[in-house]
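Derivation of every value follows stated rules applied to the coordinates shown; laboratory data play no part. Bear in mind the structure is a predicted one, so any value in this text is a computation, not a measurement. Note: ideal-geometry Cβ built from the backbone for every residue, glycine included; neighbour counts use all protein chains shown.
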Amino acid sequence: MAPDFIFMLTRRDRTIADAHARLKDVFAEGVKHVGFKDVGLPIAELRRIADAVHAAGLALYLEVVSLDAASEVASAEIALQLGAHVLMGGTHPQAVLPVVRGTPIRYYPFAGRVSGHPSVLHGTIDEIVESARRLVETEGVHGLDLLAYRFAGDAPALIAQVCRAVSKPVVVAGSIDRAARLASVASGGAAAFTVGTAVLDGVFPTGQGLRDQLAFVVAAVSSMGQL
């Protein structure tokens, strides 16, 4: 089965200023999953984007950038206010879980040791796999956010090993900016992946407009489903 494509209205881990204006192109290209970060725009503007995504019947994702517990709790509360379907990221599940437990939101924290902005994933493959195993055993954790291409080692091997080690969905996020990386997400068994900066910067081998770039990734995903 092909992974889901989550288009992030973000550049270098910040929600873009004209995110709402970009939605018309996102909707036109048949993207079914849309997300943004909790930094870059005020809450009122994030709510306007979220309302438009909901009205279009699409799945909404909020990815946490903050790495301290208090900020992550605040982000979880924002995700609930916005009606996000999935809260991704963050490194303090024990702080966030009391906020999201018993709500419809699905929670996918970061696997491994993450720091910085843009976020970087540290450690060995074995250490990250062990972190992933521990997280998915935690009640209220529905899946994982894996920064495979923010990792200094063998990203395809990391994706494959984490996906084999856990029974819950893995979303590969960050720096997926070429066809080979799209393919590694599919072959590794990830449930979904995010792309933001690469599409907005026009890096894929097609027209540089947003619609052309989105169409390229959507077509790539479709071909994965036929393998």
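Quick notes on this structure:
- Longest stretch of the chain clear of exposed loop sites (GluC sites (Glu not before Pro), DSSP loop, at most 11 other Cβ atoms within 10 Å, sites excluded): 1-136.
- Projecting the Cα atoms of Ala190, Ile43, Ala70 onto the dipole axis of the chain, where Lys and Arg carry +1 and Asp and Glu carry -1 at the beta carbon, places Ala190 farthest toward the positive end.
- Residues with amide H under 5 Å from that of Arg11, placed H, sequence gap 5 or more: Ile16
- Estimated vicinal HN-Hα couplings, Hz - region 135-149 in sequence order (Karplus 6.51, -1.76, 1.60; Gly, Pro = x): 4, 5, 7, 7, 4, x, 8, 9, x, 10, 10, 10, 8, 4, 8
- Among Pro109, Leu144, Gln213 - extreme Cα towards positive end, dipole of the chain, charges at beta-carbon: Gln213
- Stokes-Einstein D for the chain, Kirkwood Rh over Cα pairs, 4 °C, 1.567 mPa s (µm²/s): 75 µm²/s
- D (Stokes-Einstein, µm²/s), Kirkwood Cα radius, region 34-76, 1.002 mPa s at 20 °C: 194 µm²/s
- Counting only aspartates and glutamates at least 8 places from Lys24 when in the same chain, those with an alpha carbon closer than 17 Å to its own are Glu45, Asp51, Asp212.
- Between Val64 and Met88, Gly89, Gly90, the built amide H atoms are under 5 Å apart, and every one of these is 5 or more places off in sequence or on another chain.
- Qualifying lysines (Cα of each under 23 Å from Cα of Lys168; at least 8 residues distant if same chain): Lys32, Lys37
- Restriction of the trypsin sites (Lys or Arg not before Pro) in region 178-227 to DSSP coil positions whose beta-carbon has at most 14 other beta-carbons within 10 angstrom yields Arg178.
- Beta bridge orientation in the chain: antiparallel %, DSSP, nearest 5: 15 percent
- Centroid-to-centroid separation of region 165-180 and region 75-127 [C-alpha atoms, Å]: 15 Å
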